[in-house]
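Everything on this sheet refers to the single structure shown next.
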Amino acid sequence: MTAHRAPLLIGLLSAGLLVAGCGGATEPAAQAPAALSSAPTTAPPQPTEDASRAAGQVARCTSSTVQASVGTTLGDNQKDTTIVWRNTSDAPCTMTGFGGVDLRGPDDPQFGPSYSLPRAGEDPTAVVVKPGGTAHTVITWLPGDSWTPTDIVVTAPDEATSTTLKWDQGPVSRQDGATRPGTYIHPVAPGSV
């Protein structure tokens, strides 16, 4: 209780006692305002995909509704390879974020057989993918001369199931743990390039 409210509360209580002592009708004492509660510590339940559709919202794309493929590669010194996500379902879905990209190949003596690509410093936005439509993720990478991946393992944003595709783009410069790597993934964007 603050110092400003104490005299007011004492005055109100005294007035109530005087009225009660004089035989007047008594009213329930006013309760002090409840302290503001903090925000709930648990997140509200998320709607299911069926509930989202019923409410007019577009469901999230899942590994069962999108199919991944390797698209075009452009560039010379630093290359951009596109991973295309095609909606194979009969309903639109949304993708937001980066997903995951791992290059896998022979066992590198220093880093091992898998190279998990870091994310670019871009903010992702939600992309609605219509049935039969596409979204894409661009992988920016530096060509190398000593390590050639054989596979690229891609995971759609907010999914745990991955798809393994063939990597035929050539050798990649490994930069595992670099603070400013030249190889990274961009967030999902609409369409395909």
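Take the residues of region 133-165 that are of a type in the set (A, V, I, L, M, F, W, C) and in a loop (DSSP other than H, G, I, E, B): which is farthest from the chain's Cα centre (by Cα)? Ranking the qualifying residues of region 133-165, first place goes to Trp147. Taken together, Asp176, Asp145, Asp158, Asp151 contain a single residue that is free of Cβ contacts under 8 Å to residues at least 40 places away in the same chain and open to solvent by 10 Å² or more (accessible area, probe 1.4 Å), which is Asp145. On the stretch given as region 179-192, residues that are open to solvent by less than 50 Å² (accessible area, probe 1.4 Å) and out of contact with any strand residue (DSSP E or B) (no Cβ under 9 Å at 6 or more places or on another chain) total 1. The strands (runs of 3 or more DSSP E) falling completely within region 66-115 that include 1 or more residues that are out of contact with any strand residue (DSSP E or B) (no Cβ under 6 Å at 6 or more places or on another chain) and open to solvent by less than 50 Å² (accessible area, probe 1.4 Å) map to 100-108.
The values are calculated or read from the model by the stated rules, or taken from the named source; none is laboratory data. The shown structure was predicted, so the numbers you read here are calculated from the model rather than taken from an experiment. Glycine gets a Cβ as well: all are built from the backbone with ideal geometry, and neighbour counts include every protein chain shown. Side chains included, ligands, DNA and RNA excluded: accessible areas come from the protein's heavy atoms. Shrake-Rupley method; radii C 1.70, N 1.55, O 1.52, S 1.80 Å.
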